[in-house]
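Any read-out appearing in this document is the output of simple, stated calculations on the displayed coordinates, not a laboratory observation. Not measured: the values here are computed from a predicted model. Every residue, glycine as well, gets a Cβ built from its backbone with ideal geometry; the counts of neighbours run over all protein chains shown.
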Amino acid sequence: MATATTTAATFSTAVRRLCFQTSLPSTSIRLRHVTTSARPTRLISTPTPHRLLPLLRLSATASPSSTTTSTISVGDKLPDATLSYFGSDGELKTITVSDLTKGKKTILFAVPGAFTPTCSQKHLPGFVEKAKELKAKGVDVIACVSVNDAFVMKAWKEDLKVGDEVLLLSDGNGAFTKALGVELDLSDKPVGLGVRSRRYSLLAEDGVVKVLNLEEGGSFTNSGAEDMLKAL
Amino acid sequence: MAPIAVGASLPEGSLQWFDESDQLQSVSVHGLAKDKKVVLVGVPGAFTPTCSMQHVPGFIQSAEELKAKGVDEILVISVNDPFVMKAWAETYSENNHVKFLADGSGKYTEALGLELDLSEKGLGTRSRRYAIFADDLIVKVANIEEGGAFTISGAEDILKAL
């Protein structure tokens, strides 16, 4: 999260500088600084020029020490959320995290983006391949989550010829990802990916996280199917 | 930003795409459109039904005709990331001329004044459907739909107007 820290610091400096501009009307902006302080800092400041507004959003969502949503960890109960997908009948459907996990052994894994190289070529196919083995070890549901819309997830599923062994679910507005505290801010990258999810895989039993393999960003080291198999 | 209209100049902006060697490229709209005749086709989302099955195919099929009428570039623009645009473009194996460009952050769509809020459908802010013809950056034809409807923004309508 070094990138978020540096950017947040740069942004903070920029906003502080703006506080001394008296030609603009005043406005109040609440910030979360990258510190260990539990109190969010309020600055009465002049509004930022339009070009800095994306940085404001960056700080609000990507602060590693944000006190509103800490990152999910082993032993936590998964927050509830609604994810969407297209059923085999072509109808848009929704499913809650509760439906996916209540009374079940569920593997959830997330990718930063559908159709992106590592996701498509290694992470998802790995789970598709090992699905039978995982289910033989008592896993009831395997689902892939991404901050992409349901149309894109459907197209990706068809492109990789994934059947029912792994559900591909859309966290279209990123609400579930945010609730887990695993956002990955790629807004400052030229690819125009916005806020996505860090790569992870987790095993939940009746909604409680038992195994969590959370990557830094989009790297792919311990969040694969093999690692999950070993953990079971 | 008010929606772009006939007579206005296309704003500058950059769009992304993956080229033939899979390299991420950033293109400037002015670079593509200055001194040229271009058609910009805006869609609410890659892989969505109307876009995929009606709007875009129309332009792919009419590409030769549009070129014969002097159009240099046909650009499909969507608020999707370039990975998704590339995958979507690949589903049109018969395509030879249409470029699929990503306005991942939605900035260019905003500069055109053509945003469409689809947050309720879990799609965030996207683009209205449109077909715009510009000659040396000046908009000559602007067929902009209300939202994602598909009534006047097809290839036929652009061909008629040329």
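As an exercise, identify the trypsin sites (Lys or Arg not before Pro) in region A:143-232 lying in DSSP coil whose Cβ has no more than 13 other Cβ atoms within 10 Å. Before the final figure, lay out each step's value.
Numbers: sites: A:LYS154, A:LYS157, A:LYS161, A:LYS178, A:ARG196, A:ARG198, A:ARG199, A:LYS210, A:LYS230; in loops: A:LYS161, A:ARG198, A:ARG199.
Filter output for region A:143-232: A:LYS161.
Hey, with R₀ at 41 Å, roughly what FRET efficiency would B:THR151 and A:ASP140 work out to, going by the Cβ-Cβ distance, to 0.05? Mind dumping the intermediate values first?
Details: r = 47 Å, r/R0 = 1.14.
The pair B:THR151/A:ASP140 has a calculated efficiency of 0.30.
Stick to Cα atoms and the Kirkwood definition of Rh, then tell me Rg/Rh for region B:39-161.
Details: Rg = 13.3 Å, Rh = 14.3 Å.
Rg/Rh: 0.93.
For the peptides A:98-110, B:100-112, B:126-138, what is the packing order when you average, over each peptide's residues, the other Cβ atoms within 10 Å and list the highest mean first?
Peptide ranking by packing, descending: B:100-112, B:126-138, A:98-110.
A:ASP99 versus A:GLN121, label points 7 Å from Cα toward the beta carbon: distance in nm?
Roughly 3.5 nm, to one decimal.
Under 8 Å for C-alpha pairs, at least 6 residues apart: give me the relative contact order for chain B, rounded to a whole percent.
For chain B, the relative contact order is 31 percent.
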